[in-house]
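Here's a structure for you.
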Amino acid sequence: MKKIILYNLEKDKMLDYLKQNSYFIKDLNRHPENYDKFKKIIKEKYNLRLTDKVSNVINDIELVSSIINTLN
């Protein structure tokens, strides 16, 4: 695999996801330009997008709010 792809994988903390989805290794070896596509797929699959994070925070706030309301 090209060094720039490996560097990007480490920088974006995607190396573990690549190991879990090893079929992408072959694709990235043959077509390094597909890195952005890989990154997008992984973010969708593991809910790593900003919208997913915001949604999780909102759900956590609602949970805490309901617990406080129940205790009162």
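Looking at the range 28-66 only, could you name the residues that are in a helix (DSSP H, G or I), hydroxyl-bearing (Ser, Thr, Tyr) and under 12 Å from the mean Cα position of the chain (by Cα)?
Passing the criteria: only 51.
Take the conditions exposed (fewer than 10 other Cβ atoms within 10 Å of the Cβ), within 11 Å of the chain's Cα centre (by Cα) and of a type outside the set (Ser, Thr, Tyr) and apply them to residue 71. Does it pass?
no
Here's another thing I want to ask about it. Looking at the range 25-41, can you tell me whether even one residue there is over 16 Å from residue 9 (Cα atoms) and of a type in the set (Asp, Glu)?
no
Checking the condition of a type in the set (Gly, Ala, Ser) and surrounded by 11 or more Cβ atoms within 10 Å (Cβ to Cβ), which residue from 55, 65 passes?
55
Each reported figure results from applying straightforward, stated rules to the coordinates on display, with no laboratory input. Small disclaimer: the values here were computed from a predicted structure and weren't measured. Glycine gets a Cβ as well: all are built from the backbone with ideal geometry, and neighbour counts include every protein chain shown.
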